[in-house]
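Working notes, beginning with the structure itself.
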Amino acid sequence: MSSPSTTSSTQRPVVGVSRLIGAASAALSVPKAAPADSFVLHAPLELMARVQLLAFVPPDRGDAALAMIEWLVEQYEAAGDPVAVPPPLPPGPPNAAALVAAVAAGDQHLVDSMASAWLPQWSAAEVVGLVGEALVPSLAAAGHAPIAMALLLRDPSLPRTLLRGPLRSLAAQPTWQIDWYRSIAGNGDAGGLYDALRAAPRLGRPGSDFIHPLMSQAQQPGMADLLLGPVLAHRYDVPAALRTVTRIAAWSMLHDDPSQAPYGWSHALTMPQAVLGLAGAGVQARTALAVASTFALGFRLAHGTTALPERIHPVAAPASAGEVATAAALHEDAHLVKYTLACLHAAADDREFAGLYLAAAAHLVEWWRANG
């Protein structure tokens, strides 16, 4: 996929698009002083997704899509005071281990000082390679740090400073982790992933739709350990595992509880897809499988009301990539933006089932049209 920062899909000159994206990235790279609410947490990810959607939007709608990026900046700037300018660090090279340690210690100020100083010195691939393994299991920042890293890998031209806010949010709750798999030894068969997720019981929501309680429910004894423990493997077919979780998520969007469409089933795709997209890029394959499958299990346990079929089949696409991309790019909801882009990525990664992902994206577009 071409980067919109170098190839304009709009009627504006390429240099104008590049400047707009650069200015937006600079604005949204600065965290807010107050604890991040859902809008502030998602804003850097939303910007990255909106930029990447531009490549799918027809040129005659490109300017409208760019206007939504300008709108996002306005909303972010009105969302509260920025953090104070981080104090300078002592001279020395970037130290990824020190950054990870600061996150684990919950020192948000130090994390932001390090992130603002060191992220510009690392490439997107270096960021993932240096801190991905340590940070991917975190359930802080609503478990969204992997999405931010995966989006940067998809478009390395975007500033790595867009990770400042997510990293600072990780330090807010350093003990929130997916960790059940660390006590499981051995090497299983990842080929049983679909059957393991299909066997998930229907527990319902644990009193909250937030990510931490949903995944804590999945980590209780007798859930992830028994269902997913046998599929954990150090070496496995990563693209096949990715297809499994994305197909389940898209199927759930189309066939399961419609009330969970905007936030439950959308996260059921974006979160595990991002984690498995980092496997081998700095995140160990076993870690990626454990975290991604826990996300998939957590959403099925809490929101699943319809049993998964013995096999998921391809379907015809009811809309084109350009149609769903345009609908999302012109909409205000960050989850619709991220989900639609994730569906387009899944369609490219799993071409046989491209129609399923386009149908899922179109379904969420229609949900928002019906529900506002």
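What follows is calculated from the coordinates using simple rules that are stated; it is not laboratory data. Just so it is clear, the structure is predicted and the values come from calculations on it, not from any experiment. Because the Cβ atoms are built from the backbone with ideal geometry, glycine has one as well, and the counts that use them run over all protein chains shown.
Candidates 321, 296: the one that is among the aliphatic types (A, V, I, L, M) and touching a Phe, Trp or Tyr at 6+ places or on another chain (Cβ under 8 Å) is 321. From the list 169, 157, 208, 116, the one residue that fits, being in a helix (DSSP H, G or I), among the polar types (S, T, N, Q) and under 21 Å from the mean Cα position of the chain (by Cα), is 169. Applying the criterion of being of a type in the set (A, V, I, L, M, F, W, C) and in contact with a Gly (Cβ under 8 Å, 6 or more places away or on another chain) to the residues of the range 152-177, the residue that is surrounded by the fewest Cβ atoms within 10 Å (Cβ to Cβ) is 172. Candidates in the range 333-372 are the residues that are in contact with a Phe, Trp or Tyr (Cβ under 6 Å, 6 or more places away or on another chain) and more than 21 Å from residue 72 (Cβ to Cβ); of these, the one that is surrounded by the most Cβ atoms within 10 Å (Cβ to Cβ) is 346.
Those residues that are assigned to a helix (DSSP H, G or I) and out of contact with any Leu (no Cβ under 7 Å at 6 or more places or on another chain), I need them from the range 172-205; list them, please. Listed by number, the residues that qualify are 180, 182, 183, 191, 192, 193, 194, 195. Scan the range 176-208 for residues that are closer than 19 Å to residue 288 by Cα and not acidic (Asp, Glu) and the total you get is 19.
Out of all the residues in the range 200-212, is one or more over 20 Å from residue 151 (Cα atoms), in contact with a Ser or Thr (Cβ under 9 Å, 6 or more places away or on another chain) and surrounded by 20 or more Cβ atoms within 10 Å (Cβ to Cβ)? No, the conditions are met nowhere in the range 200-212.
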